[in-house]
Structures are given as structure tokens and as C-alpha cells.
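Only one structure is covered here, and it is reproduced in the block below.
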Amino acid sequence: MHAITYEAPKSLEHALRLLAAAGEKGRVLAGGTDLLIQMRAGVRTPERLIDAKTIPELQVLSFSPHEGLRLGAAVPCYRIVEDPVLCQHYPGLVEAAGLIGSVQIKNRCTVGGNLCNGSPAADTTPALIALGAVCYVASPRGTRTVAVEDFVVSPGRTVLQPDEVLVEFRIPAPPPHTADCYQRFIPRNEMDIAVVGVGAAVTLDGEVCTAARIGLGAVAPTPLFAREASASLVGKPLDDEAIATAAELAQKIARPITDMRGTAEYRLHLVGVLTRRVLKVAAERARAR
Amino acid sequence: MELQEHKFKVIGTRPIRHDGVDKVTGRAKYGADISLPGMLHAKVLRSPHAHARIKSIDVSAALALPGVKAVITGKDLPELPPGSQQMGELVVNPRYLSMNIMARDKVLYDGHAVAAVAATSPHIAEEALKLIKVEYEILPPVLDVRKAMQDDAPILLPELRTSGTPEKSDKPTNIASQVRFARGDLEAGFRAADVIVEREFTTSMVHQGYIEPHNAVAQYNADGHGTIWVSTQGPFSVRELCSHILQMPLGNIKVVPAEIGGGFGGKTTVYLEPLALLLAKKTGRPVKMVMSRAEVLRATGPTSGSYIRCKMGATKEGKITAAQVWMAYEAGAFPGSPVGAGCMTILAPYALENLQIDGFDVVLNKPKTCAYRAPGATNAAFAAETVIDELAEKLGIDPLEFRRRNGAKEGTAQPAGPQFRRIGYIETVEAIMNSEHYRSPLPHVPGKLVGRGVASGFWFNAGFQSTAIVSINSDGTANVVTGSPDIGGTRAACAMIAAEVLGLKAEEVNPVVTDTESIGHTDVTGGSRVTFATGYAVYEAAQDAVRQLKERAATIWKVKPEDVVYQDGVVSCVNNGHEPMTLKQLAGRLARAGGPVTGRAAVNPRGVGPGFATHVVDIAVDPETGKVDILRYTAAQDVGKAVHPSYVEGQIQGGVAQGIGWALNEEYYYDENGIMRNTGFLDYRIPTCLDLPMIETILVEVPNPGHPLGIRGVGEVPIVPPPAAIANALYRAIGVRMTELPMSPAKVAKAVLEKNKAPQ
């Protein structure tokens, strides 16, 4: 146990100054549902906590058919789950946000924190990858963008430099006949961490798939964008055969480990099962639009 | 005074529990709520290795940290001679117990205590732990029970020799003891069988999962007396164990039981108590210790993982002709698995002429096991009840009908020898056969495979010693004082028994659980014994109070005590001319009629009534992911006379919930180095309320002839059938016999895949 200082900046500019001053000893605190546990366990030992929840730029949540979705990094998951516009346009993202923890945890935890924690098993990350979400990252040097699938570099580590803050995600507005879906497997019904998580978004023209993105969680050191599996669907009818082919291609890039949450063999099996399931649901949703 | 069942006024009703309001409003004081002036906080340094020799421990830097008041290691604890002794339900070896709570020359499991630090704050104590330098020589660990039994296995305890062998051996071993139960002619029995089934089973180590971590607050006075406040199932055993471990006179230790947040058998021994008392002695200040969840999982006593081979034969008519069992249980780092109980329970529901059961108690590099709800019986029933199910299937007989044909009844000899008195096993089988659940068709669940399974279970229950005091207040209410910590609604049960005898309402009796200096010896809350044995003492003590009340009335009326009748809380005289008095009126006159009335009793009852249960479960399996959902669960149990039916039902539901967790997801997950990887409730998966349906119960009340009120223990047997019942349901759903616990989704999915791949 060591002394920490806590700061609650009221602007992004202030937060960036605090973070720059803290250097390696600083860490952004969002919902704290991962960070505080890691601090108690001695896994992370920051000395300055800079609270993201008080920064207005990180609390943005807006949608327009023109701009798409702007999702602030510190928006708590309950706002996503309870937002009718998000439920309509991004049901897969809402599913992912709704699966994290209990009601109490959802009141605290954030999509930005879920990504910055760097866990390969984060539920919202495959959903964001499926939607082609882009991260807006600010630092004293300006703003840069990073695709969600490029954000995590290894378990617990991200592309963020010590003086950078993840500000928001931007997600394109879904074209007509587009829908997404996220499913994970856990041994219990709630309160658990994904053994495997798969997100998918598809766009249909009649029965033909014109765009598809598949994101995988908990099957490699980082969340994955299943590029080939996604590409294999484009230009084809979204039938069982196409879905099975995509699921096999998704399995090919999975490099799971064996741990207390599942064996590598079982995880590989689940990548196939869940990829098929989310594609079917996403396709059904897209047809209904 | 005779109480007749059909006249019970309080027993069998469902009053609000006396301790309920304090618990739901957060007022109840648990061990971690205790705080004393000048109190220090202590933390334990634990081994990061599963098996290692301690070459040196340097505590100087820790001692130098400001705020640190004392550091203890194994050197500070007295060396004790080898040998075991019976203590209530447990056989205890004080030497091993002392080595378990603080390692000496070797650490034997991940989390084994190595040193403890007392400091002015818990944070300073934690910082000090990091300053203790321990030099280890890492030794190869052994983590599998069968590997631990091999000749070339790494040896944990060089002094250990196998007890119970026909010939004495002087070879170091990990097999602490072996035991055999046999009768009849096994070979002839198998020759007479038309069908024989033999299977192997493995089960993982599992933890009780009580919500409240272990805790202790200790104070040591200059006169050599010490007091310990602790959440424990056995304040008297804590006193006795601390007396042994610290070599202090028993009478110099007082143990005050705090409210307890779950025990299930796991709080029947000591971990922190002697360390806290020793640190209090060293520092002269009160010392508080509270474990983290990870410490609870790594270093307290779960129950055994096991390997069981079970072979049974039966005739076409459905009669079991022979049964042979070979079982090895993980004791953890020190001897003392419940394999003996496993041997004695595994076939107990059945009347068998030819049987042989061999059991082995084996040490390996995991935490020392402790009691867990019907210790040893659940693993055993998983094996036997699966084989029974398969025999019935092969013979084309309904699995419940098969059990009814072979079921034990009054006069049946148990596998361990003694004959059963009146028991209600067959009644539980028939209760399930006749249940709405068993008679309903299995529901259809789209995309899922569904199955129904049944299984039975047995548990001895326990008697042992209890003391009770029933005192009459001047307003005609009563206090009941016992030494049995309440882990299952037993305060309410004891109050109800006293109320029944005294003719009071349950709420007119105040039940109190007190410390080791305020009541006579009372054995541990365990073995489902409290309502039976402490309830017996309360019954006798209340009768003693009634006898005295009659004497006082006789004094007032100047008649003979035998002319006074006590009925429904009213004293009356057989001779006319005396107006009957209510207990309230009489109580108000005691001051001038001989003084207060206090009934007391101390018992060691022998008439223990065993518990039997039969369960049915419907499940739905996702054939692709292997996930099992419990759709419906009904448990029938012979509960004897149910004193408070709601708490009996609660015990059954709680036992089933734990059994379902054991069946599907719970396991100690070790890496190849013997380091436990799931040291929290995120990855040690007990079921949440979202994983369980409402568990339906059928109370079969066959009164226990060995108890004046017909009471049997009820708390343990409900955990016994669930894994087997679920395995049998899984077989109906997926067509594969699951023989490994937990039957986790990965294993079920693999079984389905392999079955689909296999040529039909």
C-alpha cells in the first residue's frame, strides 16, 4: 500500500497537463472496475490517478445519421444499455456493454476503460472492431486516430503513451440493411469473463453480403479483427455455407491459450460456434431492416 | 412431561428467526466487526511455491519498519510430539495442525503460512511482509492423488508411514492410511450377476465458498489468560486446539464466538487464532487478523479431490449382488481426508450382502482439507449413483424402482456393520416417484438437448456433547443459552423446542449463543448435530425448568410436587381449591417461592438418526458449447421431525446449490508448478442466483426413534446427490456417461463432439 494522489480535472486540456506532469506514474481512472482491483492486487502501482469521469469531452454520447456515433471514452455502460438510439442502430454494441458485470458495475464501467485495460477478453472490444470503430487519442502534441483492432498491443498494454488520453470512439452510421451482434461464452449465466467473445456486423443487399466485419476476443494476446473471415463473406449470399467458411477462417487466426477459463482446444471450438451464431443473428437483424 | 407430535404447538411452525432482524439490518457482529482499543493488525506471509525447503528466513528488515511490533515464524511455535486424537467429529493431530498454520522446515502447498507480522495498521503489516526475505530450495510438487501414491513420488512428510496396512512398513510414503470394509463373498456375488458395470471417476478439490473470510481477534493478559473473538463453528474446539498448539492451559483461554458468515464445515479448525494469540502475547496488545478471499481459497481447508473405481453387479430381477469400490482421497498437505466417511457412505443407501470397499488417505501439495458438508460423501455418491443408474438402464428398470428394490430399511446392515434403526430412505425414493416433477414429461427446449436424472445420498449425522441452560424470566418469558454457533437457523430451533416444552410462543424465548466460559462444553457446530443434540439438551433443560416450576407451585400451594400439572404454560393442581397459574403469574411469584428457576442439561446423545435423500433434476444442454442449464430440481429428504420447516427447506436448497456448483463448475485449478490460478470468486465459479432455478423440496418426516422429538440432522445430506443426479441427466441428454467433476462446459462439449464423431 502506498500513497496516491487523485485529481478530477474539469477539462481535457487540464487532464492532459496533469498527465504530462505525472509521467510514468500517472494513470487515467475511468470506472475503476479494473484499475482499483489491479492496484489492490499490486499489479499496477500508479501514484497519480486522473479521473476521466469529470472531463466533459469524454462524456459525449451523440448520434446522427450523417456523423454516426460519437461515444465518449468515459461514458458509463448503463447509458449505452439504456439509450434507445444505440439499441436501434448498434444492438451488438449494446449487447456487449450489457454483459459486463452486475448492475452496480455497469453504473461505473466504461467502454473506454474496457479497451484501455488492454485485456484480450474485453467484451466491448470485438463489438467495436465489428463496427469499425476508430479511437480518438489526445495528447499535448495534438490528436491522432487509431483503429480499435490496433489499440491493444499485448495483454494489459496499449498504444497509449503516458501523456495520451483516449477521448472518444467514432463509429460510422450503419448503412441500410446493416446490423451487428455480439455474443460471448461464459460457464455461468452472468458475472463472468468471456472464455471467447465474437462480434460481427454485416450489410446486405438482398441476400448478398456487401460488407462484413468480425471481431474476436479472448483467443489471442490481443483482440483480433478477423480480416480474411470477414472478406470471405463479401459478394456472397449470407447462407449457412458462407457462414461456415467464415467461421473456419476465424478459427485459423485464433491463437488461444489454456488457462482456468478454458482450454485452447475448447476456445478454438467456441470461435467456430460463436462466429456462426453471431453472423446468423446479425444477418437476421439486417434482413429485418 | 410427554410431548406428543400431533399436539405440537410451536414445533412445525415457521416463526421469524430471532437473529433475523439484526442480520438483515446489518447490526449483527461478525468476527471482522470486532475492534479493541490499541489493537494491532496482523498479516501472513505465504509460500509462493507448492513444495520447497525453507533454507532461511530473515525478518530483520520487516522488524525495522516503523509501526511493526512483532514478527513470528515457525520457530516461535512449540514443537509438538507426533500423534492424533479424536476431537468431536474430527481426528486431530496437533503437531500437523501446528505445521499447517505455520510452516517449519518445508512449505507444502501454494499459500502455506511462513511468517506473520503485527503492526499498527494493516497496510504497514502488508508492507512489512514484502521485507521478509525467505530463501527457498524448490522441490518437485505432486498434485495428482494417484501419482502421489506411487513409489517414486516426491515425499511430503518424511516421518509419515501408512497406518492400517496388514504389515507394518518403514518406508516413507504419501499414503497416510488405508481402510477396508468387506463382507460376504465378492466373487460369488459377481458370478451371480447378469449385468456388471465398472467405471472410474475423478473429482476435483472444491471449497465450501462461505462468504465471510476467516478472522480472529486475540488479547493476552499479563496473568497468562487469553481471549479470542472469532467466527467459528466450534469455540470449544478453537480453545482446545489453541491450547495444544500454544501449550497453554485450556482454562486460560476463552473463546467468544462472533456471528458467522457461513462455515459448511470449513470453520471447524484453526488457522489464524493461535497466530493472533501468539502475536498478542508477544506485543501485549490486541491483535486482529482477517484473511483475503485469495488466502481463504489458497490456504484454508477445501474438501478432497478424489479418484474412485466402482464396480457393481445385479441380476435381471434388479437385485444388486456385489459391489466393489476402490477410492483414494486427497488429504492435502497433511493426513486427514474424509475417505473413511466416503467408504462408509458410498453404498449405505443399499442392502448389500457382498461388498468390499478400500479407501486411501493421501497427502499431496495442496491445502490441508477440512470438513465440507457431508465430508467425503458427495464424491462417493457421484461414483456409486452413476453406476447404479447404468445398471438400472442396462436392465431396463426405472432407476427409482431399481433403488426401491435394493434400498436400505430398518434392520439393514450398513457397509460399516451396524444395523439401521428406523430410517426413511425408501420413503424418499417413493416421494420422488410420486412427485409431480417425476410424473411430468421433460420440457422441450429449442436447440437444446434435455435430460432427467435421479440420485440418492446418505449421511450419518452426528451426536456429541452439548450443554444448555433454560432460565425463566420474572415476566414468564425464557432465555435459552447454548454454546452452538448458529449456522443454519439453530437459534430459532432451540428457542422453539424450549417454547414447546414451556408452553410459550417462539418469540417469548430468547436464544443466546455464548462463550466458552459461560456454558458447559459443547462440541462443534457440525455433523448436522445442533438441532438434534443441542436441541436435545435444550429439551432436557426445559424439562428441568418445568420440574422446578412444579415444585415452586407446590410450595406456594403447600401440596406435593407430583400433584402439580404443567400443561401449555399453565400450572394447575390435581386437588381442587387452587386456582391454576399461568407461567407469567408463577414467574412473578418465584422471588418469594424459592428464587429463580434455571433448568440445565448436558447430553451426549447416542440415538443419532441418519439422513437420506433422493433428488430429481431436469437439465438442458447446449450441444455446441456444452453448457448445462438446470431447468427444474426437486429434492426429497427424510428430515425426521422438521422443527422449523422453512429452515429445513433452506438447508436442502443450500446443499443442492452447493452440489450443483460442485457438479458443473467448481474446481481448484492448479498450474503445472502447483500454483492455484483461480483464487477468487470470478474464476472459482460457485453458482449465482441466475444459475439456479427455485429448488423444490419434499420433506419426508420419518421421526427419529433416538430423539424425544423425533429430530434428525438435515443440513448435510442434500449436497450428496446433485453431482450424480446431474451426471445421470447428462447421460439422458447427450448419451455419454460423464465421470469427471466438474462436468464443465468444455468437457461436455468434447463428449458431444466425440460421440458425434464415433461410428454409430
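Would you call B:GLU666 over 24 Å from the mean Cα position of the chain (by Cα) and either more than 10 Å from chain A (Cβ to nearest Cβ) or at negative phi (or both)?
no
Name the residue that is modelled with the highest pLDDT, counting only residues in the stretch A:241-259 that are within 14 Å of another protein chain (Cβ to nearest Cβ) and surrounded by fewer than 16 Cβ atoms within 10 Å (Cβ to Cβ).
In this case the residue turns out to be A:ALA244.
Identify, from the list A:GLY272, A:GLY262, the residue that is at negative phi, among the small types (Gly, Ala, Ser) and within 14 Å of chain B (Cβ to nearest Cβ).
Within the list A:GLY272, A:GLY262, the selection yields A:GLY272.
I'm trying to understand the selection: among the residues of the stretch B:675-701, which are surrounded by fewer than 21 Cβ atoms within 10 Å (Cβ to Cβ), within 14 Å of another protein chain (Cβ to nearest Cβ) and not aromatic (Phe, Trp, Tyr)?
Selection gives B:ILE675, B:ARG677, B:ASN678, B:GLY680, B:LEU682, B:ASP683, B:ILE686, B:THR688, B:CYS689, B:LEU690, B:LEU692, B:PRO693.
One line per residue, one yes/no per condition, for (1) within 14 Å of chain A (Cβ to nearest Cβ); (2) aliphatic (A, V, I, L, M):
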position	(1), (2)
B:PRO703	no, no
B:GLY706	no, no
B:ILE711	no, yes
B:ALA725	no, yes
B:ASN728	no, no
B:ALA733	no, yes
B:ARG737	no, no
B:PRO745	yes, no
B:ASN756	yes, no
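List every residue pair whose Cβ atoms lie under 8 Å apart, where the two residues are 6 or more positions apart in sequence or sit on different chains, the first residue falls within the stretch B:667-686 and is at pLDDT 95 or above and of a type in the set (Asp, Glu), and the second residue, located anywhere, is surrounded by fewer than 16 Cβ atoms within 10 Å (Cβ to Cβ) and part of a loop (DSSP other than H, G, I, E, B).
B:ASP671/B:ARG677; B:ASP683/B:ARG677
Can B:GLY599 be described as in contact (Cβ under 8 Å) with a residue 60 or more places away in the chain, outside any helix (DSSP H, G or I), outside the structural domain of B:ILE432 (by TED's automatic domain parsing) and touching a helix residue (DSSP H, G or I) at 6+ places or on another chain (Cβ under 8 Å)?
yes
Tell me whether the stretch B:703-725 contains one or more residues that are touching a helix residue (DSSP H, G or I) at 6+ places or on another chain (Cβ under 9 Å), at pLDDT 95 or above, surrounded by fewer than 24 Cβ atoms within 10 Å (Cβ to Cβ) and closer than 21 Å to B:HIS615 by Cβ.
Within the stretch B:703-725 (the criterion being touching a helix residue (DSSP H, G or I) at 6+ places or on another chain (Cβ under 9 Å), at pLDDT 95 or above, surrounded by fewer than 24 Cβ atoms within 10 Å (Cβ to Cβ) and closer than 21 Å to B:HIS615 by Cβ), the answer is no, since none of the residues qualifies.
Take B:ALA153 and decide whether it is modelled with pLDDT of 95 or more and within 23 Å of B:THR679 (Cα to Cα).
no
Please specify each residue of the stretch B:205-235 satisfying the condition of being over 22 Å from B:GLY715 (Cβ atoms), out of contact with any Ser or Thr (no Cβ under 9 Å at 6 or more places or on another chain) and not in a strand (DSSP E or B).
B:ALA222, B:ASP223, B:GLY224, B:HIS225
Of the residues A:VAL85, A:VAL43, A:VAL28, only one is assigned to a loop (DSSP other than H, G, I, E, B) and of a type in the set (Val, Ile, Thr); which?
Checking each option against the conditions leaves just A:VAL43.
On the given criteria, is A:ARG144 of a type in the set (Lys, Arg), away from chain B (no Cβ under 14 Å), out of contact with any Pro (no Cβ under 6 Å at 6 or more places or on another chain) and not in a helix (DSSP H, G or I)?
Taking the combined requirement at face value, the residue satisfies it.
Test B:LEU80 against the criterion of being in contact with a Pro (Cβ under 8 Å, 6 or more places away or on another chain) and on the phi < 0 side of the Ramachandran plot, and give yes or no.
yes
Within the stretch B:45-87, can you find the residues that are under 24 Å from B:PRO140 (Cα atoms) and β-branched (Val, Ile, Thr)?
Those that are under 24 Å from B:PRO140 (Cα atoms) and β-branched (Val, Ile, Thr): B:ILE54, B:ILE57, B:THR73.
Could you list, in sequence order, the residues of the stretch A:60-112 that are among the aromatic types (Phe, Trp, Tyr) and within 17 Å of the chain's Cα centre (by Cα)?
Within the stretch A:60-112, A:TYR78, A:TYR90 qualify.
Kindly establish whether B:TYR669 is among the hydroxyl-bearing types (Ser, Thr, Tyr), touching a Phe, Trp or Tyr at 6+ places or on another chain (Cβ under 9 Å) and buried (at least 23 other Cβ atoms within 10 Å of the Cβ).
No.
Could you please give the count of residues in the stretch A:193-213 that are within 14 Å of chain B (Cβ to nearest Cβ) and buried (at least 21 other Cβ atoms within 10 Å of the Cβ)?
5
The values are calculated or read from the model by the stated rules, or taken from the named source; none is laboratory data. Bear in mind the structure is a predicted one, so any value in this text is a computation, not a measurement. Glycine also receives a Cβ, built like all others from the backbone with ideal geometry; neighbour counts cover every protein chain displayed.
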